[in-house]
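Below you'll find the structure, written out as structure tokens, and then a few comments.
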Amino acid sequence: MGTHARRIIVLGALALSILLPVACAEPGRKTPAQVQEWHDMDVMFVFPSMVLPGSRLWIEGGPFPDESFGPTEVVLEGTFHHDDGFVHVFESLPAVRTRADRVYVDLSEAVFTRICGGALREGQLLVNVWVRSTSLYSGKAYTSSALPADLTTGLAIGPVLTSIQLDPFVYLEGRLAFSGQNLLLSTDEGESVAVIEGCLLPEGSTGSCETDGVPIGPVELPLTDLDPRTRDGGTVVLPSHVFGVHPASFAGTIRLRNRQVSGGAGDSPALDLNVELLEVELTQVSTSSTSLGGFVDIHGHAFVPAAAGCSTDLTLQGTWTPDGGAAQVIDMSWIPEVESGDLARHVLDEQSDLGEFLDLRTARGLLDVDLSARVCCGAECEESNTIPLQLEVLPVLQKVFLSYQDSYASALAQWGLTGVDAAIRDRALEVIRGLYAGIHLELDEDEITDYKLFSRVEIHGFDPNGFGLLGYDNSTGKDVGNQRLHDVLGGRNAVTQEDGYPGYGGVFLHSFFGLSQNPPTGVTTMEIADPLFDRIFDPFRPDRRGTPVNAQEAASFTPVSYGPGCATVGSNRLERVACAVYALGTLLGTTLAHEIGHSIGLAQPYVEGSYHNPGDVPLRLMDAGNARPFSERAGISTGFEAFCTEDFLYLRAVLPHPTIEGTPSGRPGCGQE
């Protein structure tokens with residue numbers, strides 16, 4: 001049997017049933033007309049105003065749903081005017097959503113040709129632009145407002161360079177600002193570059209550029225910070241692999257060049273360029289504490305990326321003092337990840353010098369050192385100044401990113417609980433934090449940027465595996481000891497599919513309807529379905545003639561303080577809202593906590609192929625699916641689910657919280673009882 005067989009919360013009594021497909025969602029056949037799965041969308045801006053073959057056309061506004069909700073298109077409807085007349089335009093183009101307020105479409109040469117009436121030509125495109133997203137669940141299309149756009153089509157543009165920054169001092173690997181126009185924005189259009197040539201005179205030289213200088217270029221350098229709205233910009237990085245690592249003066253010229261995919265290149269007139277290039281410098285360390293897998297952020301100037309024979313390394317000299325212990329001398333090097341000339345990030349990992357000196361899974365103490373940087377290109381090196389670094393090192397921390405996908409929002413509409421989404425999420429966080437009390441685990445609903453090693457759990461609406469799973473850890477293999485720290489419970493894992501198990505992981509809100517004795521069409525009733533589920537949620541479900549929670553109710557209800565009271569909730573509307581929030585938030589929280597437990601190595605961590613506690617014991621979080629009835633999952637029974645004693649002790653061993661002990665007492669046992 002494969003390694004994933006029992007990490008699934010299933011809809012049947014037997015583990016063998018997890019691979020038997022149930023009736024899965026058929027688009028367009030389930031959602032009542034009154035269900036609003038997505039928000040009103042607006043189109044506020046369309047840019048750039050000049051489009052070429054291969055241009056990327058951006059649409060800004062929103063909120064636009066992600067791909068989990070369903071496909072998104074951009075529609076252009078209007079006319080294209082050219083020297084010989086005009087043609088009608090109607091294009092529905094597949095869009096890529098990059099964030100909630102932006103999508104784009106690529107105007108390939110074929111699309112551009114269609115828009116222009118069957119030929120590549122210049123003209124004026126007068127169109128209404130709108131965005132349409134179609135729900136994968138219901139098949140219903142949601143359409144934004146339309147925005148009139150006046151776009152110019154061109155076949156070639158020449159760059160314009162009007163000025164360069166007045167400040168002559170620029171750090172190596174720093175950005176030189178300029179004012180330019182008519183720049184190429186996407187690789188399918190082509191590329192705009194800066195062409196620099198001249199003479200480099202080392203600092204302190206008394207001779208002329210002709211006698212003591214180093215000729216530079218002409219060299220082409222990529223442009224950065226271009227404005228996609230106007231084709232204006234921008235900046236150009238002055239790299240050390242071209243200009244060296246030592247301070248110097250540069251005198252020469254700069255011009256802009258457009259090299260289009262369609263062929264040919266055009267240059268702007270050149271401007272004089274005279275700059276003083278400054279060497280590597282450290283300014284501060286902004287990280288005060290971290291742990292295994294965390295970033296230490298070092299700020300400064302002229303950090304050199306590891307490429308083209310160049311490198312940056314850091315030297316640490318000082319002491320390491322473990323909590324309760326004596327100081328120990330430290331003299332070591334770090335090789336950071338250079339994000340830019342101004343930021344170097346070092347990851348605490350077990351293969352680095354510090355990881356060889358300390359057990360980063362258990363160590364706690366203070367690193368107090370002098371920090372300096374050394375940058376090299378080839379045989380030429382430059383040393384920085386020295387700054388202090390005081391870093392508190394903590395025991396290993398498991399960071400978890402809870403990533404709510406937009407199909408979750410679509411599914412929540414089927415519950416009639418869109419208005420209390422934030423309250424449901426807050427309750428889920430409260431539940432997970434309570435279950436992991438004493439364990440060094442931290443949850444975040446925003447992208448995690450301070451750690452390189454973190455886990456990601458996706459919360460979807462519908463199970464894309466088609467099995468109606470409540471949740472599934474699709475990471476590869478059982479991670480005993482939580483060695484990885486960076487599992488992804490979401491997306492598609494081809495390895496698990498090769499084993500014959502579901503490939504898509506995460507938690508699936510719509511499948512929770514399997515706990516209902518009257519689930520929506522396409523959801524199979526679970527053996528542990530409970531009429532209490534329907535008493536709590538039917539008053540809000542559109543498919544049960546319920547009335548969704550409105551904004552006033554969402555702002556007025558008092559959160560539940562005693563879960564078992566929801567077993568006898570009466571007809572008071574606000575009390576019903578409070579119990580629905582409590583029950584669904586707790587269901588979501590216990591399901592997430594269960595799946596996170598799997599990714600850390602539970603249950604029965606040292607028993608190969610076992611992923612749940614044996615038998616059926618009340619209130620054990622890591623029991624198999626049908627051993628956990630609705631009232632336990634939703635926190636409505638007397639008592640609350642918890643990790644069993646041995647599971648909790650395992651978690652404390654692999655993720656000990658530095659300040660909160662937690663307690664193994666009062667927990668159910670982990671054996672067959």
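The values are calculated or read from the model by the stated rules, or taken from the named source; none is laboratory data. Computed from a predicted model, the values in this text were never measured in an experiment. Ideal geometry is used to build each Cβ from the backbone, glycine not excepted, and the neighbour counts take in all protein chains shown. All accessible areas refer to the heavy atoms of the entire protein, side chains included, with ligands and DNA or RNA removed. Shrake-Rupley method; radii C 1.70, N 1.55, O 1.52, S 1.80 Å.
Within the range 421-468, being among the acidic types (Asp, Glu) and over 15 Å from Tyr404 (Cα atoms) holds for Glu430, Glu442, Asp450.
In this structure, is Arg229 closer than 23 Å to Ala308 by Cα, among the basic types (Lys, Arg) and in contact with a strand residue (DSSP E or B) (Cβ under 6 Å, 6 or more places away or on another chain)? Step through it out loud before you land on a result.
Working: closer than 23 Å to Ala308 by Cα: no; among the basic types (Lys, Arg): yes; in contact with a strand residue (DSSP E or B) (Cβ under 6 Å, 6 or more places away or on another chain): yes.
The answer is no for Arg229.
The one condition from (1) over 27 Å from Pro65 (Cβ atoms); (2) open to solvent by 20 Å² or more (accessible area, probe 1.4 Å) that Trp130 does not meet is (1).
In this structure, is Arg541 among the charged types (D, E, K, R), buried (at least 20 other Cβ atoms within 10 Å of the Cβ) and under 19 Å from Gly416 (Cβ atoms)? When the stated conditions are applied, Arg541 passes them.
Any residue at all in the range 267-274 that's open to solvent by 60 Å² or more (accessible area, probe 1.4 Å), over 30 Å from Leu389 (Cβ atoms) and touching a Ser or Thr at 6+ places or on another chain (Cβ under 7 Å)? Give the derivation first.
Of all residues in the range 267-274, those open to solvent by 60 Å² or more (accessible area, probe 1.4 Å) come to 267, 269, 272, 274.
Now drop any that are not over 30 Å from Leu389 (Cβ atoms), which leaves 267, 269, 272, 274.
Next, only the ones that are touching a Ser or Thr at 6+ places or on another chain (Cβ under 7 Å) stay: 272.
The answer is yes; a qualifying residue exists.
Under the condition of being open to solvent by 30 Å² or more (accessible area, probe 1.4 Å) and assigned to a strand (DSSP E or B), the residues counted in the range 465-490 number 1. Comparison of Gly300, Gly233, Gly252 shows that the only residue that is in contact with a Leu (Cβ under 9 Å, 6 or more places away or on another chain), at pLDDT below 95 and open to solvent by less than 50 Å² (accessible area, probe 1.4 Å) is Gly233. Scanning the range 413-444 for residues that are under 18 Å from Glu632 (Cβ atoms) and of a type outside the set (A, V, I, L, M, F, W, C) returns Arg427, Glu430, Gly434, Tyr436.
Filtering Glu382, Glu442, Glu392, Glu430 for residues that are at pLDDT 95 or above and touching a Ser or Thr at 6+ places or on another chain (Cβ under 8 Å) leaves a single hit, Glu392.
Note on the range 412-464: among residues that are among the charged types (D, E, K, R) and part of a strand (DSSP E or B), the one that is farthest from Gly294 (Cα to Cα) is Glu458.
Return the residue satisfying two criteria in turn: it lies in the range 373-411 and is assigned to a helix (DSSP H, G or I) and hydrophobic (A, V, I, L, M, F, W, C), and of such residues it is most open to solvent (accessible area, probe 1.4 Å). Give the steps one after another, and end with the answer.
Filtering the range 373-411 for residues assigned to a helix (DSSP H, G or I) gives 406-411.
Adding the requirement that they be hydrophobic (A, V, I, L, M, F, W, C) leaves 409, 411.
Details: Ala409: 25, Ala411: 0 Å².
Among those residues, the one meeting the criterion is Ala409.
Of all the listed residues (Thr253, Thr235), the sole one being more than 30 Å from Ser49 (Cα to Cα), part of a strand (DSSP E or B) and of a type in the set (Ser, Thr, Tyr) is Thr253.
The residue of the range 38-61 that is surrounded by the fewest Cβ atoms within 10 Å (Cβ to Cβ), among those that are under 26 Å from the mean Cα position of the chain (by Cα) and either among the β-branched types (Val, Ile, Thr) or modelled with pLDDT under 95 (or both), is His39.
Can we say His440 is surrounded by fewer than 22 Cβ atoms within 10 Å (Cβ to Cβ) and not aromatic (Phe, Trp, Tyr)? For His440, the condition - surrounded by fewer than 22 Cβ atoms within 10 Å (Cβ to Cβ) and not aromatic (Phe, Trp, Tyr) - is met. Of all the listed residues (Glu632, Glu595, Glu641), the sole one being within 23 Å of Arg541 (Cβ to Cβ) and in contact with an Asp or Glu (Cβ under 7 Å, 6 or more places away or on another chain) is Glu632.
Can Ala554 be described as touching a residue at least 40 places away in the same chain (Cβ under 8 Å), assigned to a helix (DSSP H, G or I) and over 16 Å from Leu509 (Cα atoms)? So that I can check it myself, show each step before the final result.
Details: touching a residue at least 40 places away in the same chain (Cβ under 8 Å): yes; assigned to a helix (DSSP H, G or I): yes; over 16 Å from Leu509 (Cα atoms): yes.
Yes: the conditions hold for Ala554.
Just for the range 636-646: of the residues that are at pLDDT 95 or above and in contact with a Pro (Cβ under 8 Å, 6 or more places away or on another chain), which one is surrounded by the fewest Cβ atoms within 10 Å (Cβ to Cβ)? Among them, the one singled out is Thr645. Taking (1) closer than 23 Å to Tyr472 by Cα; (2) at pLDDT below 95; (3) assigned to a loop (DSSP other than H, G, I, E, B) in turn, Pro618 satisfies each apart from (2). Of all the residues in the range 163-204, those that are more than 27 Å from Cys377 (Cα to Cα), open to solvent by less than 30 Å² (accessible area, probe 1.4 Å) and in a loop (DSSP other than H, G, I, E, B) number 4.
If you scan the range 206-216, which residues turn out to be touching a residue at least 12 places away in the same chain (Cβ under 8 Å) and either buried (at least 17 other Cβ atoms within 10 Å of the Cβ) or not in a strand (DSSP E or B) (or both)?
Pass one, the range 206-216, residues touching a residue at least 12 places away in the same chain (Cβ under 8 Å): 209, 213-216.
Selection gives Cys209, Gly213, Ile216.
Does Pro629 qualify as being within 22 Å of Leu412 (Cα to Cα) and either open to solvent by 40 Å² or more (accessible area, probe 1.4 Å) or among the small types (Gly, Ala, Ser) (or both)? It is true that Pro629 is within 22 Å of Leu412 (Cα to Cα) and either open to solvent by 40 Å² or more (accessible area, probe 1.4 Å) or among the small types (Gly, Ala, Ser) (or both). The residues of the range 357-372 that are within 30 Å of Gly481 (Cβ to Cβ) and open to solvent by 10 Å² or more (accessible area, probe 1.4 Å), listed by number, are Phe357, Leu358, Asp359, Arg361, Thr362, Ala363, Arg364, Leu366. Scanning the range 77-92 turns up no residue that is aliphatic (A, V, I, L, M), out of contact with any Gly (no Cβ under 8 Å at 6 or more places or on another chain) and farther than 21 Å from His460 by Cα. Considering only residues in the range 563-611 that are assigned to a loop (DSSP other than H, G, I, E, B), surrounded by fewer than 24 Cβ atoms within 10 Å (Cβ to Cβ) and among the aliphatic types (A, V, I, L, M), the one that is modelled with the highest pLDDT turns out to be Val569. Filtering the range 404-455 to residues that are under 23 Å from Gln552 (Cα atoms) and free of Cβ contacts under 8 Å to residues at least 12 places away in the same chain leaves only Ala422. The residue that is farthest from His598 (Cα to Cα), among those in the range 492-510 that are open to solvent by 10 Å² or more (accessible area, probe 1.4 Å) and either part of a loop (DSSP other than H, G, I, E, B) or modelled with pLDDT of 90 or more (or both), is His510. The set of residues in the range 187-205 that are closer than 22 Å to Gly233 by Cβ and touching a helix residue (DSSP H, G or I) at 6+ places or on another chain (Cβ under 9 Å) comprises Asp188, Ile196, Gly198.
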